[in-house]
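Student: The structure is given below, and queries will be raised subsequently.
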Amino acid sequence: MLQPILFALLLLAAFGLFTWQVRKIRANILVGRDRDMSGHFGERLNKTLLVAFGQQKMFKRLTPALLHLVVYVGFLVINIEVIEIIIDGLFGTHRFLSFLGPVYDALMAVNEVLAALVIVAVAAFWWRRNHHPPVQRFTGPELRMWPKLDANIILYIEVALMLALFFMNSADIKLHQLEGKELPGTFPVSQFLANLLPAGSETTLHVLERAGWWIHITGILLFLNYLPSSKHFHIIMAFPNVWYSRLVPQGQFSNVDSITHEVKAMMDPSYEVPAPATNPDGSALAPTPFGAKDVEDLPWTALLNAYSCTECGRCTSVCPANLTGKLLSPRKIIMDTRDRVEEKYNSPLIFHPNVYGPEAKHEPVTDLANATLLRGKVTPEELWACTTCNACVESCPVNINPLESIVEMRRFLVLEESAAPNSLNVMFSNIENNGAPWAFSPSDRLNWADDLYVAEKAPARA
Amino acid sequence: MTPTSSPAKRQLTVPTVADLAAQGKAPEILFWVGCAGAFDDRYKRVTRAFARILEHVGTNYAVLGLEESCTGDPAKRAGNEFLFQMQAMQNITTMNGYGIKKIVTACPHCFNTIKNEYPALGGDYEVIHHSTYLQQLINEGKVAVQGGESYKGRRITFHDSCYLGRANNIYEAPRDVLAALDADLVEMKRSKANGLCCGAGGAQMWKEPEPGKKDINIERTEEALATLSGQAAALDNLRGVETERTAPSQHSLQGSIIAVSCPFCMTMMSDGVKNKEQESAVQVFDLAELVASAEGINA
C-alpha cells in the first residue's frame, strides 16, 4: 500500500512542478507583440504532420536524420510503456497491459529493440559532439559551457533511462524464472541480460526489479522537469512551433502597419489614421518602438521559436556570413532571445544555468541595467552581416525564423537610433533623392534603351 | 531557320506606359526594369537582351521609364521600413493610375517586393520573373533558341538567386530555360533550396562586408569554378555539405558559363571570377542574354 501512495505523491509533485514551469514559459512567450496566427487550419495541420511528426526537414541530412528518427520513435513508443508504469504504480498492479496478449508481446519486443537502438544512436550523437574535431556545427562560441554540457547531459540521461528499462525487465524475467512462472511479454534484449544477473535470492531480485522500475520512472519524471531548463524542451515545443509557422513566401517580410498609416496620411491629407488601440480602461497604451530593441518588441512567435530551438546549428552551418568567418550566427540570435527573456521576465528554471559566458560578445556591455537583447546580447555587427538569404529559415527542421528577428532589430537600429552603417545611409539618401540606391540621375533611367537594335527575324511561331 | 549572313536589323523604340496612355492604349504587360537594369552598365545589357526578346516575339509591353522608382527592397531589407513604404506607395500610385495588371521583371528583388510586399499596401498585380516568362516563351514555341550562337555541349552551372529560389520557390524555370540551350548543365553541390547566397542580398550590395575570413562571393565563385571543372569534390569547404553529389571529372574551364538570373548575383559572380583571374575562360551571363544570343536576335 505504501508504494502506490508514494508513487501518487511523486507523480503529483512531478506534474505539478512541470506545469508550474510551463506556465512561466507560456507567460514569457506572451510577452512578445501580438500577431494574429489564427486560421489556415488545413495548411497548419498539413505542415505539422509533415515537418513536426514526419521529420521532413530533418532528412536534408541523412545520417543525423536516421539517428534522430530512432530516438524520436523510441521516445514515442516507450511512452506507451510509461502509461503502463503509471497505472501499475498507482494501482499496485504488475504489467497491467499484459492482458493485451500478443499485442503486448509485440509492444515489449519493439520497445526493447528501440531501447537498444536508442543507446546506439545516443552513442553516435555523443561521438559526433565530443570526438576531436567534433562535427563543425556543434562548435562555435555560443555552444560552450552550459549549452555544451546540456547537450551531453541529455544524452547521459537518455542512456541511463534505457539501461534502467533493461535492468527492470531483466530482473523481472529472472525473478519469474526463479518462481517458475512465465513473464508476459517478449524481451529480445533483456532475456539475455537476465542471465548476467546474480542468481541470488528472490528477495534480492525483487529489490533489483523494484529499483529498476523506480529508477526508470523517477528518471523520466526528473527528465520531464529538466526539459524547461534545457534545449531538449524542443521535444514538446517543436509541435506548436511548426503549427504556428509563417505561411507566406519566405521572401515576404512583415509590414509595419503603424508606418503604413503615417505614410498614407503624408501622401493623402484626407486619410484618417485609425485611433490607436487602448487599454481596456480606455487609457493610452505605452508607445511601442519601431522594430525590436528587446524581447517584448518581437512578435510572440519569435519567442516561441526561441523555446523550440534545440541548438542543432543547421542554420549557422548554412549561413553565408558565418561560413565566411563573420560574427553572425543565426543560432546564437535564437539562443540569446531565450536567455534574455528568462533574464528579464520569468525564469522557469529549477537550475539557473550560466549561458555561454562573456567571451562570445565582442562589444562588452557595461551598463547591465540596459542590457537589452539588442547590444546587450546581439551586436549590430552580427545584424549587419546578414544577407537575408533565408538559408537559415530553410534549414531549420522545426521552422524557426531567425531572419525575422534580425530584420526587427535592424528596424530598431535604423528607425529609432539612425544607427545604420554610413554606406547604407548613403544608399537611403540616394533612394530618397534619385529613386535609385545609386547616385544616378533619375532622368537617365531610360538611357539603356538608346541605340537598341534587334535582328529582324520571324518569331519561331507567331 | 538558317542564320542569314547579314541580318536585317531595326531600331527599337521602347514604349513607355505614358506614351501608350497618351494614345489611349495600355500595355498587356509592364516590363519593370529595376534600378540595376536601368543604371548598372553590366545589367543594362541584360535589360537590352530582354527587350529584344519582348520585341522579337511581339509582346504588347511597355516600361514606366522615368516614372519608375526603386521598389524600396534595399531599404526594407536594411530596416528602413519608412523609406520602403514611401517608395512602394509612390510606385503603386503610378501603376494603379495606369491600370497595370501584369508585370515582368528581370530582378528577383523587385519581383519579390512587388509580388509579396506591395499587396499589403494596395498594389495587387500578377508578377512574373523573367526566368518564368522565358520558360513560357520556350514552352509555347515562341522562342526556338536556335539560329544564333550554339551552346551545345558548353558547360553551364546555374547560380540560384535567394530571392527567386528560397524566397519564392522558383527553381525549375531557370533550369528549363538553360536546358533548352542543349548545353552541358552541371549543378553546384549547394543548389536550389540549399543554394549559397552570392553575398549581395539584404542591402549588402551597398556596404562593405563585416570582418571575416573571406568574402561570400569568393566562396561561391570557388564552388562554381570547381563545379565547372569537375573538381567540386576536392573543395575543403564543401566537405560535410550533404546535398547533391557530382562525380569528379576533369574539364577545361575554357568556354564555360556561370548563369545567373539576378543583377546582384551578376555583379558578385563577375567580381568573383575576376578575383580568381578566370575572366578570360569563364563568363557570367543572365538567362535573357543566353536566350537572345541563342535565338540570334542581337544586332
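The values are calculated or read from the model by the stated rules, or taken from the named source; none is laboratory data. Quick caveat, the model's predicted, so the values are computed rather than measured. Because the Cβ atoms are built from the backbone with ideal geometry, glycine has one as well, and the counts that use them run over all protein chains shown.
Student: Under 7 Å between Cβ atoms, at least 6 apart or on separate chains: pull out the pairs that start in region A:432-454 with a residue that is at the interface with chain B (Cβ under 7 Å from one of its Cβ atoms) and under 18 Å from B:Glu67 (Cβ atoms) and end on any residue that is part of a helix (DSSP H, G or I) and of a type in the set (Lys, Arg).
Tutor: So the pair list comes out as A:Trp448/B:Lys44; A:Trp448/B:Arg48.
Student: Still on this structure, please answer the following. Within region A:30-46, can one find any residue that is touching an Asp or Glu at 6+ places or on another chain (Cβ under 7 Å) and of a type outside the set (Val, Ile, Thr)?
Tutor: Yes, region A:30-46 contains a residue that is touching an Asp or Glu at 6+ places or on another chain (Cβ under 7 Å) and of a type outside the set (Val, Ile, Thr).
Rundown of residues vs (1) more than 28 Å from A:Asn346 (Cβ to Cβ); (2) at pLDDT 85 or above, yes/no style:
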{"residue": "A:Pro249", "(1), (2)": "yes, yes"}
{"residue": "A:Val256", "(1), (2)": "yes, yes"}
{"residue": "A:Thr260", "(1), (2)": "yes, yes"}
{"residue": "A:Asp281", "(1), (2)": "no, no"}
{"residue": "A:Glu296", "(1), (2)": "no, yes"}
{"residue": "A:Ala302", "(1), (2)": "no, yes"}
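Student: Any idea which residue in region B:179-188 is farthest from the other protein chains (Cβ to nearest Cβ), counting only those that are over 17 Å from B:Cys265 (Cα atoms) and surrounded by 20 or more Cβ atoms within 10 Å (Cβ to Cβ)?
Tutor: My answer is B:Val186.
Student: Moving to a separate point now. How many residues does region A:76-121 contain that are of a type in the set (Lys, Arg) and within 16 Å of A:Ile220 (Cβ to Cβ)?
Tutor: Here the count works out to 0.
Student: All but one of (1) closer than 19 Å to A:Gly435 by Cα; (2) in contact with a strand residue (DSSP E or B) (Cβ under 6 Å, 6 or more places away or on another chain) hold for B:Tyr61; which doesn't?
Tutor: Result: B:Tyr61 passes all but (1).
Student: Out of A:Val263, A:Val273, A:Val256, A:Val242, which single residue is more than 30 Å from A:Arg340 (Cβ to Cβ), in contact (Cβ under 8 Å) with a residue 12 or more places away in the chain and outside the structural domain of A:Leu12 (by TED's automatic domain parsing)?
Tutor: Result of the check over A:Val263, A:Val273, A:Val256, A:Val242: A:Val273.
Student: Sort out which residues of region A:293-339 are in a loop (DSSP other than H, G, I, E, B) and more than 10 Å from chain B (Cβ to nearest Cβ), and write them in order of number.
Tutor: A:Lys293, A:Asp294, A:Leu298, A:Cys309, A:Thr310, A:Glu311, A:Cys312, A:Gly313, A:Ser329, listed by residue number.
Student: Filter region A:205-220 for residues that are crowded, with 17+ Cβ neighbours inside 10 Å and closer than 29 Å to A:Arg26 by Cα and give the result.
Tutor: Passing the criteria: A:His216, A:Ile217, A:Gly219, A:Ile220.
Student: Can you tell which of B:Gly240, B:Gly201 is in a loop (DSSP other than H, G, I, E, B), within 14 Å of chain A (Cβ to nearest Cβ) and either at pLDDT 90 or above or buried (at least 19 other Cβ atoms within 10 Å of the Cβ) (or both)?
Tutor: Result of the check over B:Gly240, B:Gly201: B:Gly201.
Student: Please pick out the residue among A:Leu424, A:Leu403, A:Leu413 that is more than 7 Å from chain B (Cβ to nearest Cβ) and touching a Phe, Trp or Tyr at 6+ places or on another chain (Cβ under 9 Å).
Tutor: A:Leu403
Student: Would you be able to tell me the number of residues in region B:26-52 that are aliphatic (A, V, I, L, M), within 9 Å of chain A (Cβ to nearest Cβ) and either assigned to a helix (DSSP H, G or I) or out of contact with any helix residue (DSSP H, G or I) (no Cβ under 7 Å at 6 or more places or on another chain) (or both)?
Tutor: 3
Student: Another question, if that's okay. I'd like the residue in region B:65-82 that is more than 7 Å from every other protein chain (Cβ to nearest Cβ) and in contact with a Cys (Cβ under 9 Å, 6 or more places away or on another chain) and, out of all such residues, is farthest from B:Gly201 (Cα to Cα).
Tutor: Among residues in region B:65-82 that are more than 7 Å from every other protein chain (Cβ to nearest Cβ) and in contact with a Cys (Cβ under 9 Å, 6 or more places away or on another chain), the one farthest from B:Gly201 (Cα to Cα) is B:Thr71.
Student: Okay, next question. Can you pull out every residue in region B:53-83 that is among the aliphatic types (A, V, I, L, M), part of a helix (DSSP H, G or I) and crowded, with 21+ Cβ neighbours inside 10 Å?
Tutor: Residues satisfying the conditions are B:Ile53, B:Leu54, B:Ala75, B:Leu83.
Student: In region B:54-92, what count of residues is obtained for those that are among the hydrophobic types (A, V, I, L, M, F, W, C) and more than 21 Å from the chain's Cα centre (by Cα)?
Tutor: Adding up the residues that qualify gives 9.
Student: Could you please find all residues in region B:204-231 being touching a residue at least 40 places away in the same chain (Cβ under 8 Å) and surrounded by 24 or more Cβ atoms within 10 Å (Cβ to Cβ)?
Tutor: B:Ile216, B:Asn217, B:Arg220, B:Thr221, B:Ala224, B:Thr227, B:Leu228 - these are the residues of region B:204-231 that are touching a residue at least 40 places away in the same chain (Cβ under 8 Å) and surrounded by 24 or more Cβ atoms within 10 Å (Cβ to Cβ).
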